Amino acid sequence: MPKILLVHPSNKRLAKELIGSDLKPETTDNNMNSFKEEGLMVVSSPRLVDTDAWFLLAPPADTGLRLISRKPIETKSDECFDNDSVKYKSRYREKIGVTHAYGIYGNSGA
């Protein structure tokens, strides 16, 4: 799994240019782009409140990000013989959290 560059949707195009172009984008000096070979993948999220916010995330296996199943899936069914229908109900609870925030670096914006 690649490293992730998380940005606001308004900066997605610029972020793709930063990591994907052969030469340094937005400049006239044609220096080599040092981010190209880092294997970064751009992900945008409207949940970032500030448009200047960005974060570098290590692969999930290398971080302390965890998804914990608090209650496994439970299902119930109820048959109704009046109209030959079956009703299903299911329930599931999970918790998303961080045991340690290793591998996450960023800027919350201006």
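Nothing in this text is a laboratory measurement; each read-out follows from the coordinates by a stated rule. Since we're looking at a predicted model, the values are computed, not measured.
Structure notes:
- The lysines whose alpha-carbon is closer than 21 Å to the alpha-carbon of LYS76, local same-chain residues fewer than 8 away aside, are LYS87, LYS89.
- Length gained when the stretch ASP82-LYS36 is fully extended (0.36 nm per residue, less Cα-Cα span): 10.1 nm
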